[in-house]
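One structure is given below, encoded as structure tokens.
The values are calculated or read from the model by the stated rules, or taken from the named source; none is laboratory data. Keep in mind the model is a prediction, meaning the values are calculated, not measured. Positions of Cβ are generated from backbone atoms using ideal geometry, with glycine treated the same way; all protein chains shown enter the neighbour counts.
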Amino acid sequence: KAGVTQTPRYLIKTRGQQVTLSCSPISGHRSVSWYQQTPGQGLQFLFEYFSETQRNKGNFPGRFSGRQFSNSRSEMNVSTLELGDSALYLCASSLKAGGSYEQYFGPGTRLTVT
Amino acid sequence: DQQVKQNSPSLSVQEGRISILNCDYTNSMFDYFLWYKKYPAEGPTFLISISSIKDKNEDGRFTVFLNKSAKHLSLHIVPSQPGDSAVYFCAASADNAGNMLTFGGGTRLMVKP
């Protein structure tokens, strides 16, 4: 079974631009969560989608948004990029919603903002 | 306010010996705990989990212990192998928070041959 895939793997953007990252979950998984990893803040939860609905949102500004499609694929968008948005963005999928299911992570998208 | 803490940023162990990685949490609503292993430039890989109704879960060389009264969990790796060298994250979730995981800061494990 194929794992979680994320595209692109690497991205370089300029301050003020916007970016869209894509995540395809494991087949059959309906929950997709997004995390940001930075050296200073560690791994932080961005948001979670289940059946095309955002179920939870972390403590990030409104410039960070996401969506999920009917095939469970998800995208996240960051508008008006700032230098501090440089990070590894990780997507994780899970079979169901709820806290008692393992989440499987993709390889991440490394975003560099210059 | 860090709800999940891994107080040891790094740990060095000899091959064949036991590695013990520790994690503390403060939120009593957490009821499911997971350990992930991460190599550079890769996503975290799920290792083992434990529900709050248990105090121990074992999977091969990996055992997780949960002490609810102390809000403490630990991951034991026996025997340690050089391939276990990676950063280990503990994570916690609450059933009323969907799939939101709260991660600790990670512990870098180095297993020396």
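Selection of the stretch A:1-30 for residues being at pLDDT 95 or above, over 20 Å from residue A:67 (Cβ atoms) and not aromatic (Phe, Trp, Tyr) yields A:9, A:12, A:14, A:15, A:16.
Just name the residue that is surrounded by the fewest Cβ atoms within 10 Å (Cβ to Cβ) out of those in the stretch B:66-88 that are farther than 18 Å from residue B:109 by Cα and not aliphatic (A, V, I, L, M). Only one residue tops the list, namely B:69. The set of residues in the stretch A:1-11 that are among the hydrophobic types (A, V, I, L, M, F, W, C) and either assigned to a strand (DSSP E or B) or more than 13 Å from every other protein chain (Cβ to nearest Cβ) (or both) comprises A:2, A:11. Restricting the stretch B:1-24 to residues that are in contact with a Cys (Cβ under 8 Å, 6 or more places away or on another chain) and not β-branched (Val, Ile, Thr), the residue that is farthest from residue B:100 (Cα to Cα) is B:21. Quick check on the stretch B:39-48. Is at least one of its residues surrounded by 18 or more Cβ atoms within 10 Å (Cβ to Cβ), of a type in the set (Ser, Thr, Tyr), closer than 20 Å to residue A:104 by Cβ and free of Cβ contacts under 8 Å to residues at least 24 places away in the same chain? No, every residue in the stretch B:39-48 fails to be surrounded by 18 or more Cβ atoms within 10 Å (Cβ to Cβ), of a type in the set (Ser, Thr, Tyr), closer than 20 Å to residue A:104 by Cβ and free of Cβ contacts under 8 Å to residues at least 24 places away in the same chain. Looking only at strands (runs of 3 or more DSSP E) that fall completely inside the stretch A:12-77, which ones have 3 or more residues that are within 12 Å of chain B (Cβ to nearest Cβ)? Output list reads A:31-38, A:42-50, A:53-57. Yes or no: the stretch A:81-91 includes at least one residue that is surrounded by 15 or more Cβ atoms within 10 Å (Cβ to Cβ), within 14 Å of the chain's Cα centre (by Cα) and outside any strand (DSSP E or B). Scanning the stretch A:81-91, I find at least one residue that is surrounded by 15 or more Cβ atoms within 10 Å (Cβ to Cβ), within 14 Å of the chain's Cα centre (by Cα) and outside any strand (DSSP E or B), so the answer is yes.
Going by what's in this entry, would residue B:56 be described as more than 9 Å from chain A (Cβ to nearest Cβ), surrounded by fewer than 20 Cβ atoms within 10 Å (Cβ to Cβ) and at positive phi? No: the conditions fail for residue B:56. What tally of residues in the stretch A:50-62 results from selecting those that are crowded, with 16+ Cβ neighbours inside 10 Å and over 18 Å from residue B:95 (Cβ atoms)? Residues flagged as crowded, with 16+ Cβ neighbours inside 10 Å and over 18 Å from residue B:95 (Cβ atoms) within the stretch A:50-62 amount to 1. On the basis of being over 11 Å from the mean Cα position of the chain (by Cα) and assigned to a strand (DSSP E or B), does residue B:8 make the cut? No. Being more than 10 Å from chain A (Cβ to nearest Cβ), farther than 23 Å from residue A:39 by Cβ and touching a Leu at 6+ places or on another chain (Cβ under 6 Å) holds for only one residue in B:11, B:21, B:73, and it is B:73. Which members of the stretch B:27-38 meet the condition of being at the interface with chain A (Cβ under 10 Å from one of its Cβ atoms) and farther than 11 Å from residue B:101 by Cβ? Result: B:29, B:31, B:38.
Looking across the stretch B:63-106, the residues that are within 27 Å of residue B:14 (Cα to Cα) and in a loop (DSSP other than H, G, I, E, B) come down to B:78, B:79, B:80, B:81, B:85, B:104, B:105, B:106.
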